[in-house]
Every structure is written in C-alpha cells, then in structure tokens.
1. Looking at A:Ala109, A:Ala101, A:Ala92, A:Ala84, which one is of a type in the set (Gly, Ala, Ser), in contact (Cβ under 8 Å) with a residue 40 or more places away in the chain and surrounded by fewer than 16 Cβ atoms within 10 Å (Cβ to Cβ)?
2. For region B:89-118, enumerate the residues that are facing chain A (nearest Cβ under 7 Å) and polar (S, T, N, Q).
3. Within region A:600-634, track down each residue that is surrounded by fewer than 23 Cβ atoms within 10 Å (Cβ to Cβ), facing another protein chain (nearest Cβ under 7 Å) and touching a helix residue (DSSP H, G or I) at 6+ places or on another chain (Cβ under 6 Å).
4. Take the residues of region A:1-43 that are among the charged types (D, E, K, R) and farther than 30 Å from A:Arg629 by Cβ: which is farthest from the other protein chains (Cβ to nearest Cβ)?
5. Can you name the condition, by its number, that A:Lys546 falls short on among (1) closer than 27 Å to A:Arg339 by Cα; (2) out of contact with any Phe, Trp or Tyr (no Cβ under 7 Å at 6 or more places or on another chain); (3) not in a loop (DSSP other than H, G, I, E, B)?
6. In region A:249-267, is there at least one residue being touching an Asp or Glu at 6+ places or on another chain (Cβ under 8 Å), within 14 Å of chain B (Cβ to nearest Cβ), acidic (Asp, Glu) and touching a residue at least 24 places away in the same chain (Cβ under 8 Å)?
7. Are any of the residues in region B:8-27 of a type outside the set (A, V, I, L, M) and at positive phi?
8. Of everything in region A:259-273, what is surrounded by fewer than 22 Cβ atoms within 10 Å (Cβ to Cβ) and in contact with a helix residue (DSSP H, G or I) (Cβ under 9 Å, 6 or more places away or on another chain)? Give them in sequence order.
Amino acid sequence: MRAVGRNVLRKDGVSKVTGAARYIDDLTFPNLLYGRTIRSTIPAGEIAGVHLNFDTAGFTIVDYRDIAGRNIVALIEDDQPCLAEREIRHVAEPILLLAHADRERLLAADVQIDYRASTPNYDPAASAITFKTITIDKGDLDRGFAAADRIVEGEYRVGHQEQLYIEPNGVIAVPGPDGPGGDEGGIVIYGSMQCPYYVHRAITVLLDLPDDHVRIIQTETGGGFGGKEEYPSMIAGHAALLARKARRPVKIIYDRVEDMLATTKRHPGIIRHRTGVTRDGRLTAMEIDVLLDGGAYATLSAVVLSRGVIHASGPYRCDHIRVRGRATMTNTPPNGAFRGFGAPQTQFATEVHMDRIADALGLDPVRVRDINALRPGDTTATGQRLGRDCSARQVLREAVARTDFTRRRKALAGSNRGIGLSLFFHGSGFTGGGEVKLASKAALALTERGARILVASTEIGQGTRTMHAQIVADTLGVPYDCIDVNAADTGEVPNSGPTVASRTCMIVGRILQRCAEDMRARLGAMTPRQYLRAHGPLVVTKEYEKPSDITWDDSSYRGDAYGSYGWACDVVEVEVDRDTWQATPVAFTTVHEIGKAIHPMLAKGQIEGGSAQGIGYALIEEVVMRDGRMANGQLTNYTIPTTLDTPAIEVVMLENPYKHGPFGAKGVGEMPIDGPAPAVINALRHAGFDLREIPATPEKIMRARSASPEQRRPSAERESLRSSARSGSELGVGPQRAK
Amino acid sequence: MPITLTINGTRTRITAHPMTRLLDVLREDCGLTGTKEGCGEGECGACTVLLDGVPVNSCLVPLAQADGTHVATIEGLRGRHPLQRAFVEHGGAQCGICTPGMIMAAVALGRKPSMDAMRVGLAGNLCRCTGYWAIYRSIRSAAGASKR
C-alpha cells in the first residue's frame, strides 16, 4: 500500500508517548560537570572588572581568553562574540562560564562584574547601526500613484514573540579522547537543535578544529519554531569551551527564565503602507517601508528582512511596487528566527491595511482581495511569474464560502462580535539563490529490508522522519515500515541544510526522492537483500539541483524568490467583553493550499499548531522590555495559548501540486502563523476597534474603543480623506471622494 | 530521614533532603526521565504526575509531601494504556516534550471526558505544537467516542 497521502504511524510516536524518547536533559555521562553562564546586567557599556567572590576550588572557569579559534558565533555576519571581551551590547550577554560537579555550589558562586555603562538605544528608527537594507522595485511608483483615485496610508506595529518551545535550550559537550580526533582533542556535542551543521561550523571556528574533529548529534528536540535554529551554536560553544578546559563532559541546560531572557525572539517591526487604489478597489501602487528591530547583533536579521520584504506586498497583483526594508541594531538581546521569519510581521501590516482600504472605499473586504489576488500568469513584487500552482483566489473563495463570511459579517454588525479574514502566502525553501548556495546533500543507504535515510534535517515535532520515510518508501516501492531514519549526526549524515524555511519536505524531500529513484533503478528486479549479497553496500547521495525554470538576481532583487508558494486564508470570529476589554477568538477557519499533503494528519497538525501560535501573537503574547531586559521572562506572565485560549480550528487543505516538489508537495511549516494576527485585528475592527498593533491586549482594545460600530464608518472615512489629501497634494493629484 | 513512597506500584525508599523536588527524585534518583521539566514554576505541566490519582506539577511538590503516597508516572502506564496508542494514532504527540505530562493529566480525566472537562482539565498543560485539537481527538478516540 502506498504511504504518501496516508496517515501512517509516525516513526517517533511510540517513544514519545511512553517517555522513552531521550531529550538532552535525559542524558548523562560519567564525570559530568554542570555549566553556568554569567551574563551582563546592563544593556550597553564596557566591562571594567570581573571579581570571583567564591572559593574557586573544583570550578572550571572560562572567559574569552580561553578561546583557541575566533571569538564569534559563526553564522552570516561575524559580529557576535561567543563571550564578551570588553564591549557589552545587551542585557544577558554571556561574559564568563563556570562548571562544577555540584549544581548547588555552581549556582551559589557569586561573580561580580563592574561596568562602565553607556547610553543604550532601544529605538530601531534612531539606530546608528544598520544590519541590512533591501529595496524591491517593480514598475514605476509615480505612475502607479498617478493612476490612483485614492491613497490610503497606515502604520502598523508588531512586538517581540518568544518561540516558547516547551523544552528549553540545552547541550552536552563531550571532549576527546573518546570523541573524534582522539587525543588531539576533538569534541562531540549532543543537543536540542534544528541545524546540526550550523553548530558544526560554529564549533570548528570557535575551537579552531578541523571538520572531522567535531561531531554534532541532535537529541530528541522538544520544539524549535526557529528558536533552535541559530541559538544552539552559542550554547554549544559555551559547553565546548568548558568541556575542553575541564577535560570532562559538560552539560548546560537553561532554565525557563534564562531561556526567555537570553535567547532570540521574533523581530519587532514597524511597517508603513502608502497605497494607491482605484475607486473600484484595484491596487495601482504600493509603497511599503519595513523596519525590523534586530537587537544587539546581526544573527539572521538580514535574511529575516529578506523574507519579510518579499512577502510585504502580500498575495496581490500590482504593477507598481516599492518595498524598502531595513533591519537595525538596538541594545536588546538579538532577535532571530521564529516560524514565518519576517513574513508574519509584514503580512500582518498588509492584511490590516487591505481592510482599511476596503473601508475607505466602502467596499467589501472580500471583494477588494478577490479583485487583487494574484492569479497564474501574474507577477509578484520581485517579478516572479506565477504558474498554475498559484491558488490565492481559490483559498479565499473556499474560506468565504465555508464560513458564510459575507452573511455572517452582516449578522454580527453592531454586536460584541466581529468577523475578519486574512489572505496570505508563504514561499517554500530558502529565498532567492539560497538553495543553490546551500547545495544540500541527502543520502540513502540500502538495508536488508529497504533503506536508511541519511539527512541532517531534524525531527523537531513536525514529522520530518515520518514524511521523509513516506516519500522514500513510495519512490523505492517498499513498505513504509522498511524505511529507517538515521539520527541527525554530523558524523554519519551529509549536510542536507538547516531545518528551517519550510524546506524540509519540498527541498530535502525532493533530493531524497531522487536518491530513491536512482536506488530503485540500480536494484532493478533485485530485492535489497539480493542486491547487497551480489554487490555489497550501496549508498546513493544526491545534491540539490536547481530547476532550470528558476532564476534569481540577488543584486537587483529580481526573479523567482521561491520555487513555489503555499496560499492560505483565515477567517476568525472574535468576541469582546465590554467590561474587561478582553477579546476571545470563538471560531477559526483556515484554508491552506500546500501542494500535496504527504501525511494529512501531520500537515493538519502543523496548520492547527501554527494557527494557535498566531492567535497567541495576535492577542496575548507580549514581551515587556524594561531597560533592555525582558521584564516578564517567565511563564507566569508571558502567556501562550492554553486549552482555554484556543478556539476550535477548522482546517481545510487544498492540493494544487508544485511540479518540482516530491509528489507535488510545497512547504507547510511556517505559513499557518502568517494569517491569524491580521484576521483577528480585522475581526476587532469589524467589532468597532480600530487597532494597528499587536498583541491586542485588553489595554490596547480599551484605548481603541472610541471607534464603536456606529462611529466606525465616518471616522475611517475622515482619516482616509486626510491621508489622500496629503499624499495627493504631494503628487499633484487632487483627492477624490469615494462614492 | 528516608521517605517512603510507592512509585508506579513499587515501594521505594528515598534518602534525600525533604525539600527536594519530586521531579528531581523521579528523574535523578529513580531514573524515570519520562517526566519532563519545562518551566520549573508550575505553569507548563510537562512534569505532571499523579499523586494518589490526582494530577500535580511534580516541580512544585517537595519530597516530604509525597511521603506515603502513590505516584504514577508515564513509565507506569507501560505503553499499554489506550491513551498512549491514541496519541500516536491521532497526532496528539508532535515534539513530545509535553506528551508524558499531557497523557497523565488525561488519565486523570477519567474514561469519557466531555469537551469541557478536557479543556478545563488540561488547561494547566501547555502544548506549543498542536493547538490542542489533536490532543482532544486522541483522548476522544481512546474513550471510544465517535470522531469529531
């Protein structure tokens, strides 16, 4: 029986429900030491002195002078030190490392750091350091505005969001001679992570070791959501430095507070839109300004910005677009990868803005989207011509029909409830030329009963092992149960690239499919066992091959930004308590077009879970920064959706295959988090609350309450007239009243 | 002073400080690492075990308080509880870190919990992966109720 398209049992299911699955904190080693990180308590300045106010007997103590290689967390830019030397750029910056066999003594050790403080900057707009700027230009903006009847402007703000995987970051570093490199001092690192080869590179640079002296092994990982994309390179570096100096294994497990204070979050952003529209709702010009707060170091800000600006004009057709993006430095802990990676921020703005455009024109929000939704043959902001796998209108129409949106919207008018929608898309795989640069490799080893998958792509809950095994099983023509999956161990598997960017199915799955096709051809009529007897071991390795119809120019930001896109539409109904001003989502429907659901239950799990995270982003997840420090860094007051906060989620999956994806599959992991926030804010707008910012906490909703349903239309109208008058005069175009 | 408690049906004597967290006793003294730590402040529920049949956050229970009690952990279900199979079959486990605690909390809900009972009874168990609905479907399936 074929495996693809069926809900086969997940490979890691039994070990997870019995408690047998081994996460990093479940592992121990003989002679294990525990590690602790001493961090800065000021947001900006210099270290003036370090005092060890404890008996140091039995302690291993590491500072930057113990680093044999380069003192950086090697990623894109080399700006972030693994241990601060002199300059401090943010609270919780690592300065000193301690290790001891006894955790109580370790925690009791008192280290005093003296500082020369300088003035911090928390305003990304006022920053003197820009990590990255990107401009996307399509058509002629002036011409586009000249063709407009109306101009609608708006500014939208999104806050930090914490990934909040339930398993905090943790690693164990085990130094040689048992490890690779023998007595020459290699190192093995076990840990909770998404990208073993990112960690591998960072450790070789930090310790100045050859590749084959460093081995990274992913342990069962209790959620990542981007939060274990780049950060594990930092904590692994710390454990490795301690382990090398102590010549003993060192375990570092963050507690929840340290994990929230010190590790990356979703970038906050300020996004401005200025849009030209015709009276009947057609977009003639989109001018978009994206500002992301990168935090203290560059980490992945450049690529988060890239995905953000490419998605900033939404799934809409418009001939004249300019998107200007900038990510800058502030004196807060570095922001980094989080599911969606820039696209939730920019599409939040786009989708709230679309409802404001509809209001300004007196048009239905569905109609404005339907007129402008991208169709096959249209081009995106980067000039990418979309093929038949474009489904923007289909998802919109399906969601509207399923929820009886238009009638429901009328029925709820004037009540405490509102209904809103969002239309969105998400590119699968690395942006632009990223996949070519990665040149990912995957391999299959023939086994007596089938094959073993060799990839560095990690299982972090999303179902990598299961979905890859399904693709290989059907391509090879063997039962699903005959496919094994190797641990993501850099000593055993090739570098299939990071487990990020909705690429693990569409990109890595396709490489594995090609391995299986090749293996099947070599087997011919033989069974695996017969082949092994006749020819000996067989390992088939393949590298990513760029489809010939994809082109990208990084200097002009023109071309095919992604191989394919998923398309989705969310509809949410929100009820507002007029005493507490708390908004509760009461019904949620999402339509996702994802090419092909390799495992429908896993795909649905991604959509439900991502939608719930998006609802948290919209309403309750607020990182409070005070003097550059997260003031609510614990689960008691940074809350994520519980059972009681998560509405019923109706999921509809549509399939419109991508010709270069395995069995037609596109990515699915990230897209679900792009849509809920604008849908919720649009529902609140429908209920009379004009918000431009998330999370929509009761305080913000209360402040927005003046725009009651009866007053809403006139006030929206006035504002839009103001903005069009201002912009119109700049352009020499007179404002025109909508009918 | 040693403390005696029954863990998964086995009487066990523990010699540790009476304020040691039950979570640490289970994971380190008893090697029962199926019980997980997610926050250490009683918010996430990953460390949920049953204390005399009642779900508790084992990170908030000092050993002294467990003296003479019966403690049940995920290992005590021995992989044979209908909820365990149902969580595999219906997508109730994704990354798996909340799963042992979630299943123990679900055991405490009884045989055929209502929708309300599930939502209220599991409100102290955070899951960041599933959005909870696959967990409800798993529990319903184990109870033999019709699929949603």
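1. On the way: A:Ala109 fails: surrounded by fewer than 16 Cβ atoms within 10 Å (Cβ to Cβ); A:Ala92 fails: surrounded by fewer than 16 Cβ atoms within 10 Å (Cβ to Cβ); A:Ala84 fails: surrounded by fewer than 16 Cβ atoms within 10 Å (Cβ to Cβ).
After applying the criteria, what remains is A:Ala101.
2. Scanning region B:89-118 gives B:Gln94, B:Thr99.
3. Once the filter is applied, which keeps residues that are surrounded by fewer than 23 Cβ atoms within 10 Å (Cβ to Cβ), facing another protein chain (nearest Cβ under 7 Å) and touching a helix residue (DSSP H, G or I) at 6+ places or on another chain (Cβ under 6 Å), region A:600-634 yields only A:Gln634.
4. Kept after step one, since they are among the charged types (D, E, K, R), are these residues of region A:1-43: A:2, A:6, A:10-12, A:16, A:22, A:25-26, A:36, A:39.
Then keep just the ones that are farther than 30 Å from A:Arg629 by Cβ; that gives A:2, A:6, A:10-12, A:16, A:22, A:26.
Details: A:Arg2: 19, A:Arg6: 12, A:Arg10: 7, A:Lys11: 10, A:Asp12: 7, A:Lys16: 3, A:Arg22: 7, A:Asp26: 4 Å.
Result: A:Arg2.
5. Condition not satisfied by A:Lys546: (3).
6. No, that holds for no residue.
7. Pass one, region B:8-27, residues of a type outside the set (A, V, I, L, M): B:8-13, B:15, B:17-18, B:20-21, B:24, B:27.
Then keep just the ones that are at positive phi; that gives B:8-9.
The answer is yes, given that some residue of region B:8-27 is of a type outside the set (A, V, I, L, M) and at positive phi.
8. Applying the first criterion (surrounded by fewer than 22 Cβ atoms within 10 Å (Cβ to Cβ)) to region A:259-273 yields A:261, A:270, A:272.
Once the filter is applied, which keeps residues that are surrounded by fewer than 22 Cβ atoms within 10 Å (Cβ to Cβ) and in contact with a helix residue (DSSP H, G or I) (Cβ under 9 Å, 6 or more places away or on another chain), region A:259-273 yields A:Ile270, A:Arg272.
The values are calculated or read from the model by the stated rules, or taken from the named source; none is laboratory data. Given the structure is predicted, the values throughout are model-derived calculations rather than measurements. A quick note on method: Cβ atoms are made from the backbone with ideal geometry, for glycine too, and the neighbour counts reach across all protein chains shown.
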